[in-house]
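Data first, discussion second: the structure below is written as structure tokens.
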Amino acid sequence: MITHPFAESGITNLRQELKLLLDPDEADSVAGALGRYMPPQESGIVSVYFDSSSGALARRAASTPEDCVKVRTKAYAPDRSAEQGRVVLELKRERARITSKQRLWIRPGEVPDTIASALAPTFGALAPVFATSYRRRVYQATPNWRVTMDDRLTFHRASWSLFADDAPPWHGGLGPAIGDEPRVVLELKFGPEGLPRWLAQLGWSRATTYSKFAAAVGHGAQGRSTGA
């Protein structure tokens, strides 16, 4: 059984991270091996990414994914917040495969003012640009390492309308997809204690710099170039 707070433990807030892209059959094999440690906890997740009008954060995520900053909000289904109807506002920093996060659970309608007061002084005026929607399976049996497996990943355009008081829930409330990712995104997150040997070997041999944010930007640019 998973006994650690969902997405709020130390391994979430500061860790080393490896990302892999697996074909569905490969992912099924890995899921079977992980299932011997613990059953997964499953959620639907919608992430909304923010950027300045210059696209500085998107360019950095695409050009130097190993050294970038992402500002995003996440909504979970089922709702994982302590109070129903909240989303998590997240500042994620990645450098040399070390990831740190600052997170704040707030209501969607509070996001614009919070970003303006807390983040705009550093990053300039920010606005929603893209959203991703996916299924996440979480495997975590100890505080020392955590595996997430994301599939059914689709990319969408985003705007401030998602944060209006009368906006529908994000799950099922996004606009048409501008693209999708047929592969499964596997993320290995671990502290100094490391990973089980077989999982470490898989991670270091297949590690990639894939970014959902950069992929969404790429699909958005492709859609504009084709007139979609």
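The values are calculated or read from the model by the stated rules, or taken from the named source; none is laboratory data. Since this is a predicted model, take the numbers as computed values, not measurements. Virtual Cβ from ideal backbone geometry, glycine too; neighbours counted across all protein chains shown.
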Among (1) surrounded by fewer than 20 Cβ atoms within 10 Å (Cβ to Cβ); (2) closer than 18 Å to D51 by Cβ; (3) at pLDDT 95 or above, T122 falls short only on (3)
Of the residues that sit in region 55-89 and are surrounded by 19 or more Cβ atoms within 10 Å (Cβ to Cβ) and hydroxyl-bearing (S, T, Y), which one is nearest to Y210 (Cα to Cα)?
T73
When residues of region 36-49 are limited to those that are touching a residue at least 60 places away in the same chain (Cβ under 8 Å) and not in a strand (DSSP E or B), the one farthest from G172 (Cα to Cα):
Y37
Please go through region 42-54 and pick out each residue that is surrounded by 16 or more Cβ atoms within 10 Å (Cβ to Cβ) and either among the small types (G, A, S) or at pLDDT below 95 (or both).
S43, G44, S47, S52
Filter region 101-142 down to the residues that are of a type in the set (K, R) and touching a residue at least 24 places away in the same chain (Cβ under 8 Å), then identify the one that is nearest to V69 (Cα to Cα).
K101
Filtered residues of region 164-191 (kept if modelled with pLDDT under 95 and either touching a Pro at 6+ places or on another chain (Cβ under 6 Å) or under 20 Å from Y37 (Cα atoms) (or both))
K189, F190, G191
Would you check if there is a residue in region 187-203 being in a helix (DSSP H, G or I) and charged (D, E, K, R)?
yes
Restricting to region 125-149, name every residue that is surrounded by fewer than 22 Cβ atoms within 10 Å (Cβ to Cβ) and charged (D, E, K, R).
R135, R136, R137
V69 of a type in the set (A, V, I, L, M, F, W, C), over 19 Å from I106 (Cβ atoms) and within 14 Å of the chain's Cα centre (by Cα):
yes
Identify the residue in region 168-205 that is over 30 Å from N144 (Cα atoms), in contact (Cβ under 8 Å) with a residue 40 or more places away in the chain and within 16 Å of the chain's Cα centre (by Cα) and, among all such residues, is surrounded by the fewest Cβ atoms within 10 Å (Cβ to Cβ).
H171
So D165 fits all but one of (1) in contact (Cβ under 8 Å) with a residue 40 or more places away in the chain; (2) out of contact with any helix residue (DSSP H, G or I) (no Cβ under 7 Å at 6 or more places or on another chain); (3) surrounded by fewer than 16 Cβ atoms within 10 Å (Cβ to Cβ); what number is the exception?
(2)
